[in-house]
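Values quoted throughout were computed directly from the atomic coordinates according to the rules given, and no laboratory measurement underlies them. Values in this document were obtained by computation on a predicted structure and should not be read as measured data. All Cβ positions, even for glycine, are placed from backbone atoms using ideal geometry, and neighbour counts span all protein chains on display.
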Ligand SMILES: *Cc1c(COP(=O)(O)O)cnc(C)c1O
C-alpha cells in the first residue's frame with residue numbers, strides 16, 4: 001500500500017502502520033482486486049489486451065470464463081450463461097424490454113432493488129409493477145400475484161446488507177419467471193438454480209474484477225421467453241434496440257462473442273478470479289470465507305457499546321456486505337475520512353443510507369486478518385476521537 005501519511009495535515013490522526021490492514025480496500029463495489037489478478041492481467045496483456053475480440057485469444061478467454069462459471073455454479077438442465085455489455089443496470093433495461101411480458105412484482109429491500117423497480121415502473125409498455133418494500137434492515141415479503149409474468153428481488157441487497165433467499169414465492173406458477181439480482185452475491189453465496197430463471201451479476205463485486213459487463217445464468221424458460229417476446233415485438237412492428245436485444249446477446253455469446261467490444265481487462269481479471277475460486281473449493285469455500293469475515297464484523301459490533309448489526313435478524317444478515325450501526329453522537333463521516341487518509345477505503349455507508357453506519361465488504365478476496373486489523377483501527381480511531389487526542 002502506498003504511504004499516504006506524508007499528505008496528512010498535522011491535525012490528522014495517524015494510525016500506526018503496524019495496526020493497519022495490509023490491504024485497505026473494503027469497498028462493496030468496485031471491490032478489492034487481488035494482487036495476483038493484476039499480475040495475471042499483465043501476463044495476459046500481450047495476447048489479449050489490445051487485440052481483436054473477433055479473434056481466437058479473446059474468444060478462448062470468453063469460452064474459458066463460461067466453462068469455469070458452469071463448473072462453479074454446477075449448471076445442468078439446459079441452464080445457460082450469457083454475457084453482455086453494460087453492467088447490471090443495463091441488464092435491468094434489457095430485462096424490462098425483453099423478458100418481462102406485461103407485469104412484474106418486485107421485492108424491494110434497499111436502493112438497488114428499488115432502482116430496478118423504478119425502471120419497470122417507468123416503462124410505458126408494462127402494466128404498473130407491484131412493489132413489496134420492507135422496513136429498512138428487514139427482508140421484504142415474498143408475495144405471489146396471479147397477473148404477473150415475473151418476480152424480481154436481490155439475493156444480497158448491497159445497500160443494506162439484507163439477503164433474500166432464492167426461492168419462488170409460494171403460489172407462484174412455473175410460467176412466472178424469477179429474476180434474481182445476484183450482482184454482489186454470485187460466486188460468494190450458494191444459489192438454488194431450480195428457483196431462479198435468471199440469476200444475473202456484475203464482475204466488480206464478489207468476483208473482484210472491474211465493471212462494464214453483465215452475466216446472466218438463464219433457465220430454458222427464460223431463454224424461450226426472450227425469443228418469443230422479441231418475435232412478438234417484430235410481428236407488431238415494435239423496434240428492439242440492438243444493444244438491448246437479449247437474443248443478440250445469447251446468439252453472440254454462444255459463439256464466444258459479444259454484440260460490441262467487451263471490456264477485456266474486466267474479462268481477464270474475472271478469468272483469474274473464477275480460476276482461483278475453483279482451485280480452492282468453489283462457492284462453498286468462498287461462502288465460508290465471506291461468512292468468517294462478516295461474522296468478525298457482526299460479533300465485533302455486538303461487543304461494542306452503542307454498535308449493532310443494522311440487519312435485525314441473523315438469517316437476513318449478509319455474509320458479503322456487513323452494515324453496522326455506529327454510536328449516537330459519533331461523527332461517522334469524520335471517522336471514515338480519517339480512515340481514508342490512513343489508506344483504509346470505502347467503509348462509508350451506501351450514499352442514500354443512514355449517516356450513522358459503516359458498510360464493510362466481506363467478499364472472498366478479503367483476508368480475515370485485514371478485517372481484524374480494520375476493526376482494531378476503527379476502535380483505535382474512535383478512541384482517539386473521543387479523547388480529542390490528535391497525534392502530530
Ligand atoms: C452494484 C449493484 C448493481 C449495479 O451494478 P452495475 O454493474 O454497476 O450496473 C445492481 N444490483 C446490486 C445488488 C448491486 O450491488
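Each of residue 368 and residue 17 was given a label point 7 Å from its Cα along the Cα-to-Cβ line. The distance between the two points is 2.7 nm. Per-residue packing, averaged as other Cβ atoms within 10 Å, sorts the ranges 160-173, 274-287 into the order 160-173, 274-287, beginning with the highest. Compared with the direct C-alpha span, the chain from residue 170 to residue 127 gains 13.2 nm at full extension, assuming 0.36 nm per residue.
Oblate is the label for segment 329-392. Its Cα gyration tensor axes, ordered a ≥ b ≥ c, give a/c of at least 1.5 and b/c at or above a/b. Working ranking of peptides 319-327, 222-230, 202-210 by packing, defined as the average number of other Cβ atoms within 10 Å per residue, highest first, is 202-210, 319-327, 222-230. Among 245-258, 29-42, the peptide with the highest mean count of other Cβ atoms within 10 Å heads the list, and the full ranking is 245-258, 29-42.
If I take R0 = 30 Å and measure r between the Cβ atoms of residue 314 and residue 251 in this structure, what FRET efficiency does the formula 1/(1 + (r/R0)^6) give, to the nearest 0.05?
It comes to 0.10.
Helical runs assigned H by DSSP (4 residues or longer) give the chain a calculated mean residue ellipticity at 222 nm of -12000 deg cm²/dmol, each run adding -39500 (n - 2.57) before division by the residue total. Pairs of Cα atoms nearer than 8 Å and 6+ residues apart set the relative contact order; for the chain it is 25 percent. DSSP beta bridges fully contained in segment 130-281 are about 40 percent antiparallel.
Note on residue 352 and residue 221: their simple-model spin labels are 3.0 nm apart, each label 7 Å out from Cα toward Cβ.
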